[in-house]
Amino acid sequence: MRNANEPIDASIYTFAIVVSEFHHDITERLLAGAKRCLAHHRAPEADVFSVPGAFELPLAAQLTAETERYDAVICLGCVIRGETAHFEYVAGEAARGIGEAARQTGIPISFGVLTSDTEQQAEARAGDDHDNKGWEAARTAIEMAAFVSSLPEEPE
């Protein structure tokens with residue numbers, strides 16, 4: 001098993017990042033964390049696509065993966081619990097849809113969507129260190145791209 005801090009040479013992989021604009025102050029920090037992680041592992045600069053909110057991430061991730069231009073897609077977003085059931089619908093559909101998009105396309109799609117009870121919790125998960133959820137989602141994407149590339153080719 002690989003050490004979580006061990007560098008991976010990601011220079012041979014291509015990545016896309018799909019980031020939600022809602023809670024922009026938080027998602028910008030997640031995006032910065034993902035970019036730092038990719039640079040740390042020597043990945044080429046990722047293509048970045050913005051969508052309005054976390055609910056839109058699954059479709060955007062699926063369409064991005066279907067281009068077959070990327071070895072992995074990184075989804076970044078933030079949903080903060082409010083006083084209504086809206087949180088459950090958005091967070092649940094984002095998680096379900098992102099997983100479904102990965103299974104349908106066969107392209108790794110990492111889940112970097114914060115689902116926090118408070119804005120303070122979200123801010124804590126979008127810090128400048130390796131605990132940044134954007135960093136974690138990028139690291140997951142790198143590891144999954146490496147995993148997929150290590151699988152044997154299907155016989156013709």
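The values are calculated or read from the model by the stated rules, or taken from the named source; none is laboratory data. Please read these numbers as outputs of a predicted model, since none were measured by experiment. No Cβ is skipped: glycine too gets one built from the backbone with ideal geometry, and neighbour counts run over all protein chains shown.
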Please tell me if Thr140 is touching a residue at least 24 places away in the same chain (Cβ under 8 Å), more than 24 Å from Thr67 (Cβ to Cβ) and either basic (Lys, Arg) or surrounded by fewer than 21 Cβ atoms within 10 Å (Cβ to Cβ) (or both).
-> no
So is Ala102 modelled with pLDDT of 95 or more, within 12 Å of the chain's Cα centre (by Cα) and either of a type outside the set (Lys, Arg) or on the phi < 0 side of the Ramachandran plot (or both) or not?
-> yes
Search result, residues across region 27-71 that are at pLDDT below 95 and aliphatic (A, V, I, L, M) = Ala54
When every residue in region 35-77 that is part of a loop (DSSP other than H, G, I, E, B) and of a type in the set (A, V, I, L, M) is compared, the one surrounded by the fewest Cβ atoms within 10 Å (Cβ to Cβ) is Ala46
Restrict the check to region 78-101 and report whether at least one residue is assigned to a loop (DSSP other than H, G, I, E, B) and crowded, with 23+ Cβ neighbours inside 10 Å.
-> no
Would you say Arg42 is basic (Lys, Arg) and at positive phi?
-> yes
Is there any pair with a first residue in region 95-119 that is under 11 Å from Ala65 (Cβ atoms) and a second that is basic (Lys, Arg) and not in a helix (DSSP H, G or I) whose Cβ atoms are under 9 Å apart and which are 6 or more apart or on different chains, and what are they?
-> none
Residue, surrounded by the fewest Cβ atoms within 10 Å (Cβ to Cβ), within region 1-34, restricted to residues that are free of Cβ contacts under 8 Å to residues at least 24 places away in the same chain and not in a loop (DSSP other than H, G, I, E, B) = Asp25
Given the residues Ala126, Ala91, Ala146, Ala122, which is the only one that is small (Gly, Ala, Ser) and over 26 Å from Glu45 (Cα atoms)?
-> Ala91
